[in-house]
Amino acid sequence: MTKDPISVAPSDGILDAAKKMIDRGLAGLPVVENGEFVGMVSDIDVMTSELMPGVRGRIDDMDSIFPSPDVDWSSFRSLKKQLKKISGQSIAELMTPASDVRAVRPDSTVDAVANVLIRHRLRRVPVVEDGKLLGIVTRGDILRSGIKRIVETSEQQASK
């Protein structure tokens, strides 16, 4: 678990959140207001905002999101206009509210958290207690934990 993860506020701009994600190699961020967990925003939320017109909501056709290699300058100018258009929009306009976010408690087992991630096809899950964000658990965290368990079990069996 990553404790005290990087977060954004509902009033933050979409481009600011996108920049934080890009700069830190993250695919999503918790949204916190006055110390309370209020939602999540992901790279998909940003991609399906006005930044990528016509793909709002569920993505079924990846070709409609990513331009073809033969994209021309008019397409580039169009994207630039869209970036200007969303620069004034806030995270609150596209985040998933806390009431719709799958979250886990700090006393959840690794297996239980892995189950949530797998069952709901999530990349990350916030750890929340009494409305406060304590951390984020990612699929990578679960993978590292699983590998650590395997290595420890192997070492224990080898020492017997």
* Structure fact -> If we keep only residues of segment 89-104 that are of a type outside the set (Val, Ile, Thr) and in a loop (DSSP other than H, G, I, E, B), then the residue least open to solvent (accessible area, probe 1.4 Å) is Leu94
* Asked: If you check Arg144 against the conditions, is it within 22 Å of Asp45 (Cβ to Cβ), open to solvent by 100 Å² or more (accessible area, probe 1.4 Å) and out of contact with any helix residue (DSSP H, G or I) (no Cβ under 6 Å at 6 or more places or on another chain)?
  -> no
* Name the residues in segment 109-140 that are over 15 Å from Phe37 (Cβ atoms) and in a loop (DSSP other than H, G, I, E, B), would you? -> Thr109, His120, Arg121, Leu122, Arg123
* Could you tell me which residue of segment 1-50 is surrounded by the fewest Cβ atoms within 10 Å (Cβ to Cβ), considering only residues that are assigned to a loop (DSSP other than H, G, I, E, B) and of a type in the set (A, V, I, L, M, F, W, C)? => Ala27
* Could you check Ile86 against (1) modelled with pLDDT under 75; (2) under 20 Å from Val31 (Cβ atoms); (3) open to solvent by 30 Å² or more (accessible area, probe 1.4 Å); (4) not charged (D, E, K, R) and say which number it fails? => (3)
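Pick from Asp63, Asp72, Asp107: which is open to solvent by 40 Å² or more (accessible area, probe 1.4 Å) and at pLDDT 95 or above? Walk me through it before giving the result.
Values: Asp63 fails: at pLDDT 95 or above; Asp72 fails: at pLDDT 95 or above.
Matching residue, one of Asp63, Asp72, Asp107: Asp107.
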* Asked: Just a yes or no: is a residue in segment 107-129 more than 16 Å from the chain's Cα centre (by Cα), within 26 Å of Ala9 (Cβ to Cβ) and touching a residue at least 60 places away in the same chain (Cβ under 8 Å)?
  -> no
* To do: Kindly provide the set of residues from segment 130-140 that are over 14 Å from the mean Cα position of the chain (by Cα) and open to solvent by less than 40 Å² (accessible area, probe 1.4 Å), ordered by number.
  => Gly131, Leu133
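The values are calculated or read from the model by the stated rules, or taken from the named source; none is laboratory data. Note that this is a predicted model, so its numbers are computed, not measured. Don't worry about glycine lacking a Cβ; one is built from the backbone with ideal geometry, like all the others, and counts go over all protein chains shown. The area values use the complete protein model at the heavy-atom level, side chains included, leaving out ligands, DNA and RNA. Shrake-Rupley method; radii C 1.70, N 1.55, O 1.52, S 1.80 Å.
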